[in-house]
Amino acid sequence: MVVVTLLIGGIAGLLIGAALYATRPGNLFANRVVFNVMNLAINVIRPIPFIIFLTAVGPVTKAVAGTTLGTQAAIVPMTIMAAVVIGRVVEQNLVAVDPGIVEAALAIGAKRFAILFGLVIPEALAPLILGYTFMFIAVVDMSAMAGYIGGGGLGNFAIIYGYQQFNQEATWVTVAIIIVIVQVGQIFGNWLAQRILRR
């Protein structure tokens, strides 16, 4: 569930973030209407608490997965929320890239798509990795909340065996496993970002 969400949501979020960056006023594909619509959509979706978002997009989940319960159903809202948040993370990191690099590439006649995907995104790769590491932890959190709709995984285990059966040990085991997963993910993300920064 976490892997599928990160894979689909990560790719969609990268495209959303790149589009937001490129359509900003004065940028590579400046388009005020497209930018404002995407910006508004992200600002509307992103602040919604995920536990509420799970039920709010129920009709969309049913249309895509055929049900609103279970692991497949949980992946739909998790992917939508992950794509939206990753889109904003990607945009914020791309904006930090030195505009002089883009201007120099335009001056020598480089294509705009080539500048965006071949220059700007690689230039921001290290902070993007840290951003994706942050989102990995956020998606693990989402998967735990998805347990409320039978989404499976650790969240479902904690609810069924911990909360509903008053088994405190099961809850603490779940917490310990989540902490270990998050620590390993964060350490790997930091290591990878440092390696890229040193290149």
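Remark: Val95 falls outside the filter, which requires a residue to be modelled with pLDDT of 90 or more and either within 12 Å of the chain's Cα centre (by Cα) or crowded, with 17+ Cβ neighbours inside 10 Å (or both).
When you scan region 23-35, do you find a residue that is over 28 Å from Pro122 (Cβ atoms) and either without any contact (Cβ under 8 Å) to a residue 40 or more places away in the chain or in contact with a helix residue (DSSP H, G or I) (Cβ under 6 Å, 6 or more places away or on another chain) (or both), even just one? Break it down stepwise before answering.
Kept after step one, since they are over 28 Å from Pro122 (Cβ atoms), are these residues of region 23-35: 33.
Filter once more, keeping what is either without any contact (Cβ under 8 Å) to a residue 40 or more places away in the chain or in contact with a helix residue (DSSP H, G or I) (Cβ under 6 Å, 6 or more places away or on another chain) (or both): 33.
Within region 23-35, one or more residues are over 28 Å from Pro122 (Cβ atoms) and either without any contact (Cβ under 8 Å) to a residue 40 or more places away in the chain or in contact with a helix residue (DSSP H, G or I) (Cβ under 6 Å, 6 or more places away or on another chain) (or both).
What about Gly70, is it buried (at least 16 other Cβ atoms within 10 Å of the Cβ) and at positive phi? Spelling it out, Gly70 is indeed buried (at least 16 other Cβ atoms within 10 Å of the Cβ) and at positive phi.
For (1) at pLDDT below 90; (2) open to solvent by less than 40 Å² (accessible area, probe 1.4 Å); (3) among the polar types (S, T, N, Q), each residue gets a yes or a no:
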{"position": "Met1", "(1), (2), (3)": "yes, no, no"}
{"position": "Thr23", "(1), (2), (3)": "no, yes, yes"}
{"position": "Gly26", "(1), (2), (3)": "yes, no, no"}
{"position": "Ala56", "(1), (2), (3)": "no, no, no"}
{"position": "Ala65", "(1), (2), (3)": "yes, yes, no"}
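Scan region 142-175 for residues that are under 26 Å from Gln72 (Cα atoms) and open to solvent by 50 Å² or more (accessible area, probe 1.4 Å) and the total you get is 12.
The values are calculated or read from the model by the stated rules, or taken from the named source; none is laboratory data. Being a predicted model, the structure only gives us computed values, none of them experimental. Positions of Cβ are backbone-derived with ideal geometry, glycine not excepted, and every protein chain shown enters the neighbour counts. Side chains included, ligands, DNA and RNA excluded: accessible areas come from the protein's heavy atoms. Shrake-Rupley method; radii C 1.70, N 1.55, O 1.52, S 1.80 Å.
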